[in-house]
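See structure below.
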Amino acid sequence: MNIGSLFKNLTNFQFPYSIGSTPYYSTPLWDLYEGTRKRDSYPVTIFKGKIVPNGSGMGSEVNELILHAAHMSKVIRVPGVCPVLDVFDETGSDDIFVITEVVQPLQPQLNSHNINSQGIMLGLSDLFRLFEIIDPLFIMGNLSTSNIYVDKNGSWVMFGLECCFDKAKNKFDPYKFKDYVRVWNQFCNDGTARGGEELEPTMIDNILLGQLITQLFTLAQVNVPRNWKSLITSITQGKLSMKGFISKMKQTSNWQQDEMMSIYEELKELNIKTDKDKLLLMKRFENHYISCPDKQQFQGLTNGFINNLIIPEITSTLKWITSVENGLQTYNNSLVKLLTILLDLIIHQDIKIENGFKLNNEIKELIYLTFKFSDRQIRFILLIYLPKLLTLFPNKTFDFSNRIFNFFLQGMLDTDKSLRLQTLKTIPYILDEITERQLNNEILRSIAKTQVDPEEAIRTWTILIIVKISNRLTGISNRDNVLATIYTKSLKDPNIKTKLAALYGLKMSVDIFHVDVIANKVMSVIAPGLLDKDRIIRVKAKELFNIYLKKLETEADSQFADDSRGNNEDDKEIREYVKEFESYEREDVDQNMDGIINNFMQGLSLHMNSQDDLLSYQDEYTTASTTPAPVSFSGQTQRTQLNNHSTVDDWDRGTPEQVDDGWDNGDDGWGKEDDITDDFDNAWDEDIVEKEQIRKSSILNKPRTAPAKKSILGGAVHTHPPKKTSSILDGHQLKTKPVVKKSILTKYKSSSAAGSILSKNKPAIKKPVAPTPKDEQEPQEDAWDDEW
C-alpha cells in the first residue's frame, strides 16, 4: 500500500506525526520513514508494517508477526530495546505504525566497514546489558543483525520482537513460538532456515547470540579477538548459558584492559551524575584520548557516539567550568585539554555531517566565549583549529566578523611570538568571514607592523600572507603601488628568506600589476637584487626581471601593433633621423676646424662707429682678447663645405662686391645700402663722436678692458640711430640699418654659398635676444665703472 492511503485509513483520528514521502530503509516486514511530531517538531522514526493482503501465500502468518511485534513493543520498555513513543495497531486497520526515537539500521554501517573492533565491542556491551535484563523474562527467538539499530547517541538497540514471548509458564506457548520462528526464518532470513524451531526454546537465544557475534565481525571485516573465539564456540554449541557467556566475556583481557569499555559503562549513567562527577568522567576520557596512540580509532565507532554523546558532554562540562566562581583558575588545566579534545573531535567528524551531525548553537557560543579568554594556550589552540572549524559552518552562519574578529586581531600585537605567527598564518582562512573594511583597513595595518617584526619568521610569513590575500584586496584603489611598496621594503631586509619571499610575491603578482606600474616602479624594485651579495637572490632576481621584461614587451607589441607595420614614408624618415644622428658620432671637431672657421667668418658682419672702433678691432683681432660664445655645428654642413673653406687671410683679399652679395642680396629685412665713404683711411683718424650703448644682456657684447673697444668676434650691436660706419672688408663706409635682434649666429636666408653656417635640415642654435632698450642718457666717461 502506498503512503497516500495512510490518511484515508486514519479517518477516525488525526495522525499526530508528519511522515516522509518515501522510506529511507526497508526490511522484509517494515518500512522506516523520517517523521516529526506535529506539536513540537520533535524528530522521530516511524516503522510502518508491510501488511500483506489476506489470501496471498503466507499473508496471514506474516501479518500476525507484525501485529505481535507491535504488541510486544508496548509491553517491553527496557534499556536496549528501541525506545517506543506511540503504537497504532488497531484491529481492522490496513496500516500498523510504531513511532520510536530516531534510529538508524546497523547493517549498512557494517557493510560499509565504518565500524572497527572498538565500535563492535561497545555495541556488544549494549546488547549484553539488554540480555542480562531480558533473558530471565523473555525469549527473543530471532536475534539477527537485521534487528539491531543505532540510536542518536550511538547505542545499539533492538527492534523487531516478532518472535518474543514471555517465559512465564502460564503465558508461554511453545508450539506458537516455534511456528513464529519458522515463519520468520522463511520470510525474513532470505529463505534460509536457521533451525530455531527445532531447538529447545531455552537454548535458542544462546545459540543465536554466538552466531550474531560471528556475523558482526564478519560483516565489518574485523578479526574476532583470539581469547573470544573459544567462548563464542562454546555458546554456539549450547555449552554456555547466556549469563555465563556474558560474564566470561567481560573477564577477558581485551575487555578488562580497554579503558574505553570502563568509561562507556559510566557514560550510561550520566543522567544521575553531578557536574563534578561528569568533570571527573570527562577527565578520564581526556586522559584516554591523549594517551591513545591511534586517534583514528575514535572515528570507527558507531555513528552518533562521538557526535551526540561525547561532544555534547564535553561542551556541557566546559560551560560549567566557565560559569562557576574561579572556575577558569581552578580548572584551567582541564579546560585547556578538554577544549583541545573537543575541537579535535569536531573537525574529524566533518565527513559525518551528512549523517546527521550538525554543530549546534551551544558549540558556537562556547567558541565565541573562549576567544575572549586572555589565556594564551586557549587562544593558540583556537587559532590552530579555526581554519577547519570555519569549513564546517555554512558561509556567513558563523558570526566571525562581529563576535570574534576584534579578539582575533589582538593576536597580531601579542608579545608572544608564537601567537603572533599563528595569528598571521590564519588570516587567509578568515577572508570569507570578514568585511571588506576589516580586510583593507585593519588587517593591512596589522600586517604593516608584522613586516618590521623582530622575528625573521614573522617578517617572511608576512610577505607570504600578502601574496595569498593580494587578489582579495580589490577595495584598495592603489593596490599596485601598495603591493610594490610592501615588496620593496622586504627586498631591503637583511634576512635572505625575507628577500626570497618578496621576490616570490613579485613573481606571483605578475598578473596583478598594471604595465605602467611595472615599468615605472616594479622594475626599479627588482633591479637592485641583480647586485645582491647573495647569489640565490641574484639568480631569482634575474629570472623575475626577465619575466616582467617579457610582459612589457608583450604589452608593447599589443599596444603598438599598427606601428610595427609602418609605411614607406615613416621608414624613410626614421632612416634619415638615424643617419643624421650617426653623423654626430663620426664628427671630428679638431680635424674640421678650418671648415668651421671659414663658415663662421663668412657669416660674420662688423659694424663700427668710428676709426677708433677699427683700431680697437685691429688691436683685439691680433690679440684675440674676446672669446666667442660656444657654437655647435652640423657635421653634414662641415663635410659639404670642407673642401671649399677659406682661411682667415681670405677676408683681406675679398672684394666689396663679394661682401655686398653676401649681406644685402638676401631677403633678411635689411634696407638698401647708404653712400660709401671714399676715403677708408680717414675713418681711423676721426674722433668718436658718440660712445656705443653698452648691451649688458649679451655676453658677446661685454668689453673686457674698456667700454669703447669691441672684439672682432663680439659683434657689437647698436641701439642708437644708424651712423656711417667703416667696413674692414672693403675699405668703404657703409650706411646700414641698425641691427635689430640679429646676431652673427642668426641663421640668414641667403642664396650665396657662404650665406649660412648651419645645416638646413638640423636645428640652429639661436642666441637669446634681449629687447632693444630705449635711448638713455649716456654716462660720463668717468662714470663707466659705476655704471657697470
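As a quick test, which of the pairs 243/273; 425/507; 372/425; 468/521; 449/499 have an alpha carbon distance above 24 angstrom in this structure?
Beyond 24 Å: 243/273.
Could you tell me the convex hull volume per residue, in Å³, taken over the Cα atoms of segment 259-395?
Normalising the Cα hull of segment 259-395 by residue number yields 117 Å³.
On a 26 Å Cα-Cα criterion, which of the cross-link pairs 337/364; 38/319; 489/533 come out too long?
Details: 337/364 18 Å; 38/319 32 Å; 489/533 17 Å.
Too far apart for the 26 Å limit: 38/319.
For 384, 76, what ranking results if the residue with the fewest other Cβ atoms within 10 Å of its Cβ goes first?
Ordered from fewest to most neighbouring Cβ atoms within 10 Å, 384, 76 come out as 384, 76.
Just add up the charged neighbours of residue 240: K/R +1, D/E -1, any other residue whose Cβ is under 14 Å from the Cβ of residue 240.
On the way: positive: 229, 239, 243, 248, 250; negative: 135, 205.
Charge balance in the 14 Å sphere: +3.
Counting pairs of Cα atoms in segment 461-506, how many percent are more than 17 Å apart?
When every Cα pair of segment 461-506 is considered, 27 percent fall beyond 17 Å.
Just to confirm a number: summing +1 for Lys and Arg and -1 for Asp and Glu over residues other than residue 16 whose beta-carbon lies under 9 angstrom from that of residue 16, what do you get?
Computed value for this residue: +2.
Rule-based calculations on the coordinates, nothing more; no lab input. Keep in mind that what you see is a predicted model, and the values were worked out from it rather than measured. Neighbour counts run over all protein chains shown; Cβ positions are idealised from the backbone, glycine included.
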